[in-house]
Amino acid sequence: MRTKLFITSTLLIFFLVNTSYGQSFVFRVLASKGANQVKKGQSGETIPLKTGATLMSGDELIAASGAYIGLMHKSGRTIEVRNPGVTKITDLETKLAKSQSSVANKYAQFVMNKMQGEGESSNYRRNMKATGAVERATASASLKVLLPSSVDILNPEAIIRWEGASEVEDASYVVSIKNIFDEEIYSAETTDTSLNINFEDDNLANERLVILNVQVKDNDELKSGDYGIKRMSADDAASINENLLALKSEIAEDSPLNNLIFASFYEENDLILDAMTQYEKALIASPDVEDFKTIYNDFLAKNGLK
């Protein structure tokens, strides 16, 4: 009788252990803003929600007021939670398509690794010299544009950012673009330290290579160096566009998390300005999410831009 009881108990323990190990996570937390919590389905315990945490089917999210929670599904798809209160993980699962997302998963994992400081993404600042940081424009320039001295661009839309002139109160900046003949073909004025430029603009659409610089209005001493921006040709962009279309087919929705995934794609293809534009879009949409600021700053540091 004791032998049977021992065997039964052993089998029960073996079953429970294997069931526990057999359960794979459903979501992983990519970003969390606010005093958010998760109630674990197995134990019923409520714990703080942290970036990198894994969520199971029986878990429940408890979002604080003004919260932002970015999640990556095991398929690679992303979803956001902004409404305060309780959200069941099973309800989030039903909102996502069941099809696998292998391409998106790859780049979502890149984002996850960067946020957790794992693998090649760890400690960008320490590895800047080892990875060959890009060459900046004139080192002695008064204004620093966050760009390499020359850069390729795939998409027509770009967000250009520069470091402000702290010595000038309420500074206005003039962004100038010239063609290869040193003729100014575009100019814009702003009080911000960034500018959205559409390279399909009438004056820019036919130019493959342009030179950009920024200066404080009416102050020739406070200006940047020159930055070359080259539009990729159709032939050069063919293979990249093929992979980009595959990625877009899996994550068509525009969201801050998806902006980060696209940023990882562009970074892998050495398209620094395209990647920066996606990071900028993520921060514009969710300016208070510290995880997004951290990953963007690490990207800038890795590429010698900050």
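Read-outs: derived from the displayed coordinates by stated rules, not from any lab. Everything numeric here is computed off the predicted structure, so don't read it as measured data. No Cβ is skipped: glycine too gets one built from the backbone with ideal geometry, and neighbour counts run over all protein chains shown.
What to note about this one:
- Cα gyration tensor category, rounded, prolate or oblate, for region 253-299 with a/c compared to 1.5: oblate
- Convex hull of region 26-99 built on C-alpha atoms - directionally averaged projected area, nm²: 4.2
- With the simple model of a label 7 Å out from the Cα in the direction of the Cβ, D201 to A35 spans 4.7 nm.
- The value obtained for region 150-231, namely the Cα convex hull volume divided by the number of residues, is 89 Å³ per residue.
- For a straight C-alpha distance cut-off of 14 angstrom, the aspartates and glutamates reachable from K40 (same-chain residues fewer than eight places away being disregarded) are D59, E60.
- Reach of K106 by Cα under 14 Å, taken over aspartates and glutamates that are not fewer than 8 positions away in the same chain: E250, E267, E268
- In sequence order, calculated HN-Hα J values of region 187-192 (Karplus, 6.51, -1.76, 1.60; Hz; x Gly/Pro): 8, 9, 10, 8, 9, 7
- Once the Cα-Cα distance is subtracted from the 0.36 nm per residue extended length, the S57 to D270 segment shows a gain of 72.9 nm.
- S233/R82 FRET efficiency (R0 25 Å; Cβ-Cβ; nearest 0.05): 0.05
- Out-of-range pairs (alpha-carbon distance over 29 Å; input K33/K144; K281/K306; K33/K306): K33/K144
- Selection from P48, N36, I69, by position along the positive dipole direction of region 26-99 (Cβ): I69
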